[in-house]
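These notes concern the structure reproduced below.
The values are calculated or read from the model by the stated rules, or taken from the named source; none is laboratory data. Quick caveat, the model's predicted, so the values are computed rather than measured. Every residue, glycine among them, receives a Cβ derived from its backbone with ideal geometry; neighbour counts consider all protein chains shown. To get the accessible areas, we keep the full protein, side chains included, count just its heavy atoms, and leave off ligands, DNA and RNA. Shrake-Rupley method; radii C 1.70, N 1.55, O 1.52, S 1.80 Å.
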Amino acid sequence: MNVKKSHIQIRTTKRQEFYEITEEIRKIAKESGIQEGIITVFSPHTTAGLCINENADKDVLTDMIYGLDKAFPDDPKFKHMEGNAHAHLKSINLGSTLSLILSDGLIEMGIWQGIFFCEFDGPRDRTVKIHIMGE
Amino acid sequence: MNVKKSHIQIRTTKRQEFYEITEEIRKIAKESGIQEGIITVFSPHTTAGLCINENADKDVLTDMIYGLDKAFPDDPKFKHMEGNAHAHLKSINLGSTLSLILSDGLIEMGIWQGIFFCEFDGPRDRTVKIHIMGE
Amino acid sequence: MNVKKSHIQIRTTKRQEFYEITEEIRKIAKESGIQEGIITVFSPHTTAGLCINENADKDVLTDMIYGLDKAFPDDPKFKHMEGNAHAHLKSINLGSTLSLILSDGLIEMGIWQGIFFCEFDGPRDRTVKIHIMGE
């Protein structure tokens, strides 16, 4: 069994932003030399999330931020004093961890899919942890 | 370490549908011969998702589709020209990947739980990737 | 390859409650002796979920319950006779499974992050399954 650990440094530039990290993860997977295994992607932040979705039409990303704002709006009844409770809420709904399949040295993904770091309280410096286990 | 890779072919028949795949995954797990490990279930589609929930009362599935439509409704302000931005939104909230525990040759699951492929822009032909790693 | 399996018993005391299980998981990870691997956390319940979020300000947890109630409210049109369809809906949005990275014997987590069992239909006796695979 082999393990390869790495991370991606991100500097988000907007308050809310879907930042694609597909190519960085593909590069780490390729350099690991691991052919068959599981890739765990982890965000150590409480006001951001991870997701997999369309990376072809950039309008989809704009719609995701708009739709999440409608489902999980800021609210005067939130008690958290930092004023970013909506960002925590989006974070728990999208999640902080993704498991990907590494098969024949390639990440199993659909042709329209990309992997995104989802900033909900930026701009900030962020890190995404990558862990590959297999052989 | 052993790896078993497989997939499930699905033909959804409705615009929105929770399609149960528990038995197919159990069969793949059994045939793998792996006793202890991790099962990664992955949907390569951007307008569908995966979830684990009750499979006893079919009304729950109807309620899930109704409740998701309320939380993530279609909206005239969505810019994505295909008109299915709501389906992408549901996809990122439910997620495209599940990790299951394989223990003593059986999938760890609650008595009321089933595994569902969640179609949000059907009917379509869909695929779910299954990856089992362990020994 | 080594596998360590364990579980956490929880008795929730409220209708809805975010119950922190970070320290229990850290203890299981430490006792496993596994240094490098993947921790799978699994909830076998259909009216509860799992998430990772802030554990410093307890107001965040109150806000999460309030925000989830707003996004996924109870509704007279729900057909499920047990009256807890909203709890199933929150369960599928947060998810029932988490994958964590175990690195140098420690769980990779951000300084503000905690791991929570999210009760949406309590009070009840609950169990969380923990599976660690690595070496």
Projected area, mean over directions - segment A:9-120, Cα convex hull, nm²
7.5
Nm distances between copies for C:Pro123, ranked from closest, using label points 7 Å along Cα→Cβ
5.0, 5.0
Relative contact order computed over chain A (Cα-Cα under 8 Å; 6+ residues apart), in percent:
56
Here, B:Thr62 and C:Glu31, labelled 7 Å along Cα→Cβ, have an inter-label distance in nm of 4.6
When chain C is modelled as a GNM with alpha-carbon springs shorter than 10 Å, which of C:Thr46, C:Thr13, C:Thr22 fluctuates the most?
C:Thr13
So what's the net charge close to C:Asp57: Lys and Arg +1, Asp and Glu -1, counting the other residues with Cβ under 10 Å from its Cβ?
-2
Starting from the Cα of B:Lys5, draw a straight line to each of the aspartates and glutamates and keep only those under 15 Å, dropping any in the same chain fewer than 8 residues away.
A:Glu36, A:Asp104, A:Glu108, A:Glu135, B:Glu24, B:Glu31, B:Glu135
Taking a point 7 angstrom from the Cα of C:Asp69 along the C-beta vector, which residues in segment C:13-35 have backbone N less than 14 Å away?
C:14-18
Test of understanding: in a Gaussian network model of chain C with alpha carbons linked when under 10 Å, which of C:Phe72, C:Phe117, C:Phe42 would top the mean-square fluctuation ranking?
C:Phe72
Nearest 100 Å², what total accessible surface is buried between chain C and chain A (probe 1.4 Å)?
2800
List the GluC sites (Glu not before Pro) within segment A:11-98 that fall in a DSSP loop (any state other than H, G, I, E or B) and whose Cβ has at most 16 other Cβ atoms within 10 Å.
A:Glu82
Å² per residue, accessible surface of the protein assembly as shown at 1.4 Å:
39
If you wrap segment B:2-69's Cα atoms in a convex hull and average its projection over all directions, what's the area in nm²?
5.7
Run the helix sum for the protein assembly as shown: -39,500 (n - 2.57) per DSSP H stretch of 4+ residues, divided by residue count, reported at 222 nm to the nearest 500 deg cm²/dmol.
-8000 deg cm²/dmol
When each copy gets a label point 7 Å from Cα toward the beta-carbon at A:Asp104, what are the spacings between them in nm, shortest first?
3.8, 3.8
How much of the DSSP bridge set in the protein assembly as shown is antiparallel, in percent, rounded to the nearest 5?
100
Reduced to Cα centres, the span from segment A:69-135 to segment B:15-52 in Å works out to 22
Assign one of three labels to the protein assembly as shown, namely rounded, prolate or oblate, based on the Cα gyration tensor with a ≥ b ≥ c the square roots of its eigenvalues; rounded applies when a/c is under 1.5, prolate when it is not and a/b is larger than b/c, and oblate otherwise.
rounded
Using only Cα atoms, tell me the angle between helix B:58-71 and the longest principal axis of chain B; keep it within 0 to 90° and round to the nearest 10.
50
Have a look at C:Leu100, C:Leu61, C:Leu89 and tell me which one the Gaussian network model of chain C (Cα, springs below 10 Å) gives the largest fluctuation.
C:Leu100
Taking a label point 7 Å from Cα toward Cβ, how far is B:Asp74 from its twins in the other copies, in nm, shortest first?
3.1, 3.1
Solvent-accessible ranking of C:Met133, C:Met1, largest area first, probe 1.4 Å
C:Met1, C:Met133
Here, C:Lys14 and B:Thr22, labelled 7 Å along Cα→Cβ, have an inter-label distance in nm of 3.1
